[in-house]
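The block underneath contains the structure these notes are about, expressed in structure tokens.
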Amino acid sequence: MRFLDPDGAEYGIPTYPRRLAPDGLATRRQLRARGLRPAGQDVAAQILWHGRRPPGERVRPVRAAYLYRIDLAAPVRPMTPGRWRAVHAMLRARRTCPCCQVTHPYVIPRSLGCCPGCADPAAFAAAAA
């Protein structure tokens, strides 16, 4: 097995191939699905696998997922009213055009930098008509 290194001699930390990690370890997503978070603990192990080969490339990249101990994980912090206000303010900022200061019901495209009406007024007026 290519990525099997349970004692970490080759990769520096214990390494396992996909689907062969021992019980008691989980990725961030797996922790979150259980209502847990890593809580500042260091990475306990990693999973390595070959990713998809990009078009035109000859070598498949090696992908990694870090594992954390479940017994050291802490519960996810609850959302307080202040945190909800902060999230809503961040989302409102993503919907507010910096040029015309209008808050739209959609997120302003980062590629344009402003709402479509400000980015190209002639094309936007023609599309709206």
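Of the helices (runs of 4 or more DSSP H) lying entirely inside the range 22-126, those containing at least 2 residues that are more than 28 Å from ALA9 (Cβ to Cβ) and touching a helix residue (DSSP H, G or I) at 6+ places or on another chain (Cβ under 9 Å) are 116-119.
Looking at the range 60-73, I want the residues that are free of Cβ contacts under 8 Å to residues at least 24 places away in the same chain and over 17 Å from ARG19 (Cβ atoms) and have a partner that is open to solvent by 90 Å² or more (accessible area, probe 1.4 Å) and not in a strand (DSSP E or B) with Cβ atoms under 6 Å, at least 6 apart or on another chain. Which pairs are those? That search, which allows pairs on different chains as well, returns ARG60/ARG53. With respect to (1) open to solvent by 90 Å² or more (accessible area, probe 1.4 Å); (2) within 20 Å of the chain's Cα centre (by Cα), the lone exception for ARG60 is condition (2). Scanning the range 1-52 for residues that are modelled with pLDDT of 95 or more, exposed (fewer than 14 other Cβ atoms within 10 Å of the Cβ) and among the small types (Gly, Ala, Ser) turns up GLY24, ALA33, GLY35. Considering the range 63-86, and only residues there that are of a type in the set (Phe, Trp, Tyr) and open to solvent by 80 Å² or more (accessible area, probe 1.4 Å), the residue that is nearest to GLY24 (Cα to Cα) turns out to be TYR66.
In the range 34-59, of all residues being aliphatic (A, V, I, L, M) and in contact with a Pro (Cβ under 8 Å, 6 or more places away or on another chain), the one that is nearest to TYR16 (Cα to Cα) corresponds to ILE47.
The values are calculated or read from the model by the stated rules, or taken from the named source; none is laboratory data. Being a predicted model, the structure only gives us computed values, none of them experimental. Counting neighbours? That spans all protein chains shown, and the Cβs are built from the backbone with ideal geometry, glycine included. For accessibility, only protein heavy atoms count, side chains too; no ligands or nucleic acids. Shrake-Rupley method; radii C 1.70, N 1.55, O 1.52, S 1.80 Å.
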